Amino acid sequence: MDNDIEVVRGETMSAYLNRMKARESELKHASHRDGGSMFVEVRRYGPGQTELVSWKGEASRILHRYELFSHFERPAVTLSMAVDGSARNFEEIKGYSRELAGAIQYRGDGEVPKVPGFCIEAGFLNGSELNAEEVAVGLDVPDYPTVTISYDSYVTGNPDKPLLSRVPLVPSMLLSMLNGTSTLRRRDRNIGPIKGQELLVRASENGKRSYEFLWESQGRADSIEFPFMSLQLSTSAETDAKGEVIDAPFANDEEALAFWDAILGSLRLRPGAVGPSSS
């Protein structure tokens, strides 16, 4: 099951309750092809917490859609989580939903929890049980136009081969785009206790430079403390009006490497993030 999480800011309690009534009414008035409505059940776990259960699709009799809403009145924030689950496991998933509802907390901007759990935009899921956590983040840097940074991490059950044993000396993507490729770094690169490898490549064509930097840690099997992690920096994702690569915004290789080192060096495990049952 995959959770879709949405944060609604500035929603008062009355607005939240009206939205819940409207959503429940919408499901009850939506027809299912086999008769009846899309609505299955409403659950209320406490003040400001509502779960609406419906059929996933108008013809589905196999999957339910579970929508869990958690409203926090003081900051006027509502967190909603939607997940699909088998209709056959109705009671089992009901227990999971109740447990999840009790684990959701509001997390203020800049607040760093000191106990095990999973951070989302304005919320925190308290708990240390091993689960299939996955994070994907894309960043644009205002001071460095055309630089894109992506970070991916997930708990792996089967770590892959190390980066440098899988990737050729120069990534095929760069070979197909530019000439004059040069490997700036190709080495082991550990971040504290996290073992990893980096491959940093510069390419040039018609006086324009492009950088593709990649670092990976394969992690350990079934470990939240040591998941798979990948950090990538690219300056070739955008092109100009003629479809040509835009010159990298770094003055030279040294500036590009210093920028990369600052980003990569910031990776760390949040203190208290891992409990005994999640390692």
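Quickly run through the stretch 202-247 and pick out the residues that are part of a loop (DSSP other than H, G, I, E, B), of a type in the set (Lys, Arg) and more than 26 Å from Leu267 (Cβ to Cβ). Give the derivation first.
Going through the stretch 202-247, the residues part of a loop (DSSP other than H, G, I, E, B) turn out to be 206-207, 218-227, 235-238, 240-244, 246-247.
Filter once more, so that each one left must be of a type in the set (Lys, Arg): 220, 242.
Result: Lys242, single match.
To keep it simple, each residue is scored yes or no on (1) farther than 22 Å from Val7 by Cα; (2) in contact with a Lys or Arg (Cβ under 9 Å, 6 or more places away or on another chain).
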{"residue": "Glu92", "(1), (2)": "yes, no"}
{"residue": "Gly95", "(1), (2)": "yes, no"}
{"residue": "Ile104", "(1), (2)": "no, no"}
{"residue": "Asp109", "(1), (2)": "no, no"}
{"residue": "Ile120", "(1), (2)": "no, yes"}
{"residue": "Phe124", "(1), (2)": "no, yes"}
May I ask you to list pairs of residues, at least six apart or on different chains, whose Cβ atoms are under 7 Å apart, with the first in the stretch 140-161 being free of Cβ contacts under 8 Å to residues at least 24 places away in the same chain and the second being in a loop (DSSP other than H, G, I, E, B)?
-> Val141/Val147
Filter the stretch 219-266 for residues that are closer than 12 Å to Thr146 by Cβ and among the β-branched types (Val, Ile, Thr); the one that is surrounded by the fewest Cβ atoms within 10 Å (Cβ to Cβ) is Thr239
Any residue at all in the stretch 257-272 that is touching a residue at least 24 places away in the same chain (Cβ under 8 Å), outside any loop (DSSP other than H, G, I, E, B), closer than 25 Å to Arg185 by Cα and among the small types (Gly, Ala, Ser)?
-> no
Output for Cβ contacts, cut-off 8 Å, separation at least six or different chains, first residue free of Cβ contacts under 8 Å to residues at least 24 places away in the same chain in the stretch 96-114, second surrounded by fewer than 16 Cβ atoms within 10 Å (Cβ to Cβ), reads Gln105/Asn126; Arg107/Cys119
Scanning the stretch 9-37 residue by residue, those surrounded by 13 or more Cβ atoms within 10 Å (Cβ to Cβ), over 15 Å from Phe72 (Cβ atoms) and without any contact (Cβ under 8 Å) to a residue 40 or more places away in the chain turn out to be Glu24, Glu26, Leu27, Lys28, Ala30, His32, Ser37
Test result for Gly85, under 26 Å from the mean Cα position of the chain (by Cα), touching a residue at least 60 places away in the same chain (Cβ under 8 Å) and more than 21 Å from Arg107 (Cβ to Cβ) | yes
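Every number here is computed from the coordinates shown, using simple stated rules; none is lab data. The shown structure was predicted, so the numbers you read here are calculated from the model rather than taken from an experiment. For neighbour counting, all protein chains shown are included, and Cβ atoms are generated from backbone atoms with ideal geometry for every residue, glycine included.
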